[in-house]
């Protein structure tokens, strides 16, 4: 029985910062951000968007095509949680009006959370082949105004429906995992922004990729040349580029060209959205699917990484006719709807988002009609509304 991705949805907020503007404001050469980091634009979430509302919006893009009576599991990977106890997925489940019988919870391990959810969901479906599962990754990357990591911020969500006999990607059995207790990135309970040792984090990321990719090839008896594409968790595009260069070293020109070209296609959305933590890897997949042209049964490799640190490599195969399940024009329009904001506006929005709104002070949204947003708290209970 094949198990994998049958639907995929994406959401990013309606504001962005241009990296040339940010570089100029910070006294940097724009090419440091555009080429050295690999980022062009950065989506910005105001106080009315959080991990929950973005997760709802990403799932809404396909939920009307789903038999909700078959959904038995809803998982949400996030490191931008809205409550220390209650799962963000419960708010999402309520908005989507899913059955009370649906099992739901939140998963946290930095940027690895959505992959952990997908692996859990695949096991669930193999045990319950008549059921489907929704897995969401949703995050707002925050490092601080003027910080070294500022250029690698972003906001967005990716949601997938997993089921038997999927119509986009079947996920292969087998994986290679590697974990270690390291302090390359973390966010203490008393801090709304992440702390990161940038140079060390790059080293750990590349080390974990090298270990898991080599172990996976040995386990599955794959060669680099067997892969049509490799997709990566992209905290910023240049990070994945460096891993991809390690992968294609010593390969022939045909293999190098194919994997380099498909990496470029897979990084298009991330380059224009920024870092969305748990969903970043699956934004790379969506970008590859919508920007490229893949043959059925093409082998796609996935490198998932979550600081702290957890790394995993696995693979899947493209299903014939996958294009019919995609909505590239809708996603193109969603990116185009975003308003470019000034650095002053961005800084004001960012600083406001660090402070929780006063209880019973309700928020409005400048989003388009149909999108959900965080509307504030009533007796300290979070409220979500649809525009």
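The values are calculated or read from the model by the stated rules, or taken from the named source; none is laboratory data. Since this is a predicted model, take the numbers as computed values, not measurements. Cβ atoms come from the backbone with ideal geometry, glycine included; neighbour counts cover every protein chain shown.
Per the listing 270, 280, the residue uniquely surrounded by 23 or more Cβ atoms within 10 Å (Cβ to Cβ), touching a residue at least 12 places away in the same chain (Cβ under 8 Å), within 28 Å of residue 33 (Cα to Cα) and in contact with a helix residue (DSSP H, G or I) (Cβ under 6 Å, 6 or more places away or on another chain) is 270. Restricting the range 353-364 to residues that are in a loop (DSSP other than H, G, I, E, B) and within 28 Å of the chain's Cα centre (by Cα) leaves a set whose member that is nearest to residue 15 (Cα to Cα) is 364. Total residues in the range 286-304 satisfying the condition of being in a loop (DSSP other than H, G, I, E, B), touching a helix residue (DSSP H, G or I) at 6+ places or on another chain (Cβ under 9 Å) and within 11 Å of residue 170 (Cα to Cα): the figure is 1. Filtering 135, 102 for residues that are surrounded by 24 or more Cβ atoms within 10 Å (Cβ to Cβ), under 21 Å from residue 62 (Cα atoms), in contact with a strand residue (DSSP E or B) (Cβ under 7 Å, 6 or more places away or on another chain) and in contact (Cβ under 8 Å) with a residue 24 or more places away in the chain leaves a single hit, 135. If you go through the range 365-381 and keep only what is surrounded by fewer than 20 Cβ atoms within 10 Å (Cβ to Cβ), in contact (Cβ under 8 Å) with a residue 24 or more places away in the chain and not in a loop (DSSP other than H, G, I, E, B), you end up with just 375.
Output the number of residues of the range 312-329 satisfying the condition of being in a helix (DSSP H, G or I) and more than 18 Å from the chain's Cα centre (by Cα). Qualifying residue count for the region: 5. Would a scan of the range 71-86 turn up a residue that is in a helix (DSSP H, G or I), surrounded by fewer than 18 Cβ atoms within 10 Å (Cβ to Cβ) and modelled with pLDDT of 95 or more? No - not one qualifying residue is present in the range 71-86. All conditions but one from (1) in contact with a strand residue (DSSP E or B) (Cβ under 6 Å, 6 or more places away or on another chain); (2) part of a helix (DSSP H, G or I); (3) under 26 Å from residue 268 (Cα atoms) apply to residue 158; the one that does not is (2).
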